[in-house]
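**Q** One structure coming up, written as structure tokens, with questions to follow.
The values are calculated or read from the model by the stated rules, or taken from the named source; none is laboratory data. Everything quoted here is computed from the prediction, not taken from an experiment. Ideal geometry is used to build each Cβ from the backbone, glycine not excepted, and the neighbour counts take in all protein chains shown. Areas reflect the complete protein model, heavy atoms only, side chains present, ligands, DNA and RNA absent. Shrake-Rupley method; radii C 1.70, N 1.55, O 1.52, S 1.80 Å.
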2 protein chains.
Amino acid sequence: MKWAARHSEDEMVSFATLLAAAARGETLKRFRRAGDVVNKASSGFDPVTEADRAAEAAMRRLIEASYPQHGVTGEEYPDRPSDGSCCWSLDPIDGTRSFICGIPTWTTLIALLDEGSPVLGLIDAPALEELYVGHGSSALVLKQGEAARLETSDCSRVGQARLSTTDPFLFGGADAEAFERVRTLSRTVRYGHDAYAYARLAAGTIDLVVEAGLKPHDYNALIPVVRASGGVIGNWLGEDDFSDGKIVAAATAGLFQETVGLLRA
Amino acid sequence: MKWAARHSEDEMVSFATLLAAAARGETLKRFRRAGDVVNKASSGFDPVTEADRAAEAAMRRLIEASYPQHGVTGEEYPDRPSDGSCCWSLDPIDGTRSFICGIPTWTTLIALLDEGSPVLGLIDAPALEELYVGHGSSALVLKQGEAARLETSDCSRVGQARLSTTDPFLFGGADAEAFERVRTLSRTVRYGHDAYAYARLAAGTIDLVVEAGLKPHDYNALIPVVRASGGVIGNWLGEDDFSDGKIVAAATAGLFQETVGLLRA
């Protein structure tokens, strides 16, 4: 059964906004404060702050209280199965490195999945007071109480594109070479903005994002926001399948196709 | 003659804050609006926005009206010589790439030079409503009307350091190898924050910045802010000479010395 048959879109958008507010209550007070940083992986740097855990727990409590039949999948805690078609995908702090460096572009990601497909996405940037919401063909940013429609740029060539990616050193082997073909052709590159880059793509100030290594809680919320604002998002082969974590998001179909061609070459 | 003999520090801090407000009036209204982007260099990407020029012009008008005997050196217009010891160094938009990508961490840089040495520095981040001010041993950040003292972290080892630099691809040859020695040892790296990285170093959330290719209007304002907040700033040889544009800024003297050692190795 489709989500719209069970809940109105407005009801789900309102509830997702409540989830974002609950997460914000836990994250923002810990931002730029010294806190516990735990290494998630024994090798490499993958911090989890207290804020990350508290924010996901706060969102889970709200979902369990209001929609106990909905499933939940998140970064910090085990999955809770759905007994219907609806499941929430939560990433309490996307951009943990920015968070611990006091850079305000970290976000909270919230998506509603309908039979596994994301139908509603929120990208909340609490330290910037910017909330990006996309579902169907509706895409809005709420900034300090004012709403504005999101629309991607009309950029259709990699040579004109403002490109963003997490870190140039994250790509391995052939992926690194493929990314280099896009990077060297692009107009300019920004690094390390994680999901916030997709928010700015939706808002028309970044044209292209190319990344690898994303997990479902990283990309689920981005898909409805990018699509509702007129952008195109898929994998490096140009397909609508995100399971390998290799993502291209582009302002226009032409830019998407040229990028996919360069990545394949 | 020393600046303090001619003007009180409070008078100069107040006036520099007025300069920042004048620049903000020109930059902020053009941020995230489509505007003229002119290629300054025929090769490569070095945009100059209308905002850049209007903001520097606004600051120059204020200086000429209030302190006509002061010199001015800026990014956009020819130098105006000083008939005394005082000269203002202006960078209306540091982080032009972030500005045109809609990323809010661009800044306006204002420094007062006394016989060529920066004695007062302002790093203003208008889109974040954060103003960082340093002179002597006083370092403050003003955020949305509230002032807080700036203090660098106590990080003393590169292995623990949150590192920032503009772009890993900007370093050439031996500089690239030297930077790699620091990067691979550091705890985490952030890219592309330009002067805002030094502001966050002063605020204790970034520990180390290593860059090359900086010009006087890029670094003059940073020096008093970093030093007044307890940090150490010098060139890659550990000296107090910035003329080659290769800068190391560190939260502590120990971290500065270890970094300089790695860069020299």
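**Q** Taking into account only those residues within the range B:117-158 that are under 18 Å from B:F31 (Cβ atoms) and touching a Lys or Arg at 6+ places or on another chain (Cβ under 9 Å), which is most open to solvent (accessible area, probe 1.4 Å)?
**A** Checked the range B:117-158; the qualifying residue most open to solvent (accessible area, probe 1.4 Å) is B:E129.
**Q** Is the range A:167-178 home to any residue that is crowded, with 23+ Cβ neighbours inside 10 Å and not aliphatic (A, V, I, L, M)? Explain how you work it out, then say what you get.
**A** Going residue by residue through the range A:167-178, those that are crowded, with 23+ Cβ neighbours inside 10 Å are none.
There is no residue in the range A:167-178 that is crowded, with 23+ Cβ neighbours inside 10 Å and not aliphatic (A, V, I, L, M).
**Q** Restricted to the range A:175-211, and to residues that are within 12 Å of chain B (Cβ to nearest Cβ) and of a type in the set (V, I, T), which residue is nearest to A:F242 (Cα to Cα)?
**A** Of everything passing the filter in the range A:175-211, A:V209 is nearest to A:F242 (Cα to Cα).
**Q** Still on this model: Residue check, B:A253 against (1) out of contact with any Asp or Glu (no Cβ under 6 Å at 6 or more places or on another chain); (2) closer than 20 Å to B:T107 by Cβ, all met but one. Which one?
**A** Here B:A253 clears every test but (2).
**Q** Go through the residues of the range B:188-202 one by one and say whether even a single one is under 12 Å from the mean Cα position of the chain (by Cα), of a type outside the set (K, R) and not in a helix (DSSP H, G or I). Steps first, please.
**A** Start the filter on the range B:188-202 by keeping residues that are under 12 Å from the mean Cα position of the chain (by Cα), which leaves B:193-202.
If we keep only those that are of a type outside the set (K, R) as well, we get B:193-199, B:201-202.
So of that shortlist, the ones also not in a helix (DSSP H, G or I) come out as B:193-194.
Yes - at least one qualifying residue is present in the range B:188-202.
**Q** Test of understanding: among A:C101, A:C86, which residue is within 14 Å of chain B (Cβ to nearest Cβ), open to solvent by less than 20 Å² (accessible area, probe 1.4 Å) and more than 18 Å from the chain's Cα centre (by Cα)?
**A** A:C101
**Q** Can I ask one more? Looking at B:P47, B:P92, can you tell me which residue is closer than 25 Å to B:A199 by Cβ and at pLDDT 95 or above?
**A** On the way: B:P47 fails: at pLDDT 95 or above.
Unique residue meeting the criteria: B:P92.
**Q** Related question: Would a scan of the range A:241-261 turn up a residue that is touching a Lys or Arg at 6+ places or on another chain (Cβ under 7 Å), farther than 28 Å from B:F31 by Cβ and touching a residue at least 60 places away in the same chain (Cβ under 8 Å)?
**A** Looking through the range A:241-261, at least one residue is touching a Lys or Arg at 6+ places or on another chain (Cβ under 7 Å), farther than 28 Å from B:F31 by Cβ and touching a residue at least 60 places away in the same chain (Cβ under 8 Å).
**Q** Here is a list: A:S164, A:S137, A:S153. Which entry is under 30 Å from A:L120 (Cα atoms), in contact with a Gly (Cβ under 6 Å, 6 or more places away or on another chain) and among the small types (G, A, S)? Write out each step before concluding.
**A** Details: A:S164 fails: in contact with a Gly (Cβ under 6 Å, 6 or more places away or on another chain); A:S137 fails: in contact with a Gly (Cβ under 6 Å, 6 or more places away or on another chain).
Result of the check over A:S164, A:S137, A:S153: A:S153.
**Q** I need a count of the residues in the range A:224-265 that are hydroxyl-bearing (S, T, Y), open to solvent by 40 Å² or more (accessible area, probe 1.4 Å) and within 20 Å of A:I123 (Cα to Cα).
**A** First, pick out the residues of the range A:224-265 that are hydroxyl-bearing (S, T, Y): A:229, A:243, A:252, A:259.
So of that shortlist, the ones also open to solvent by 40 Å² or more (accessible area, probe 1.4 Å) come out as A:243.
Remaining after also requiring within 20 Å of A:I123 (Cα to Cα): none.
Of the residues in that region, 0 qualify.
**Q** Of the numbered conditions (1) under 27 Å from B:G116 (Cβ atoms); (2) assigned to a loop (DSSP other than H, G, I, E, B), B:H217 satisfies every one except a single condition; which is it?
**A** Every condition holds for B:H217 apart from (2).
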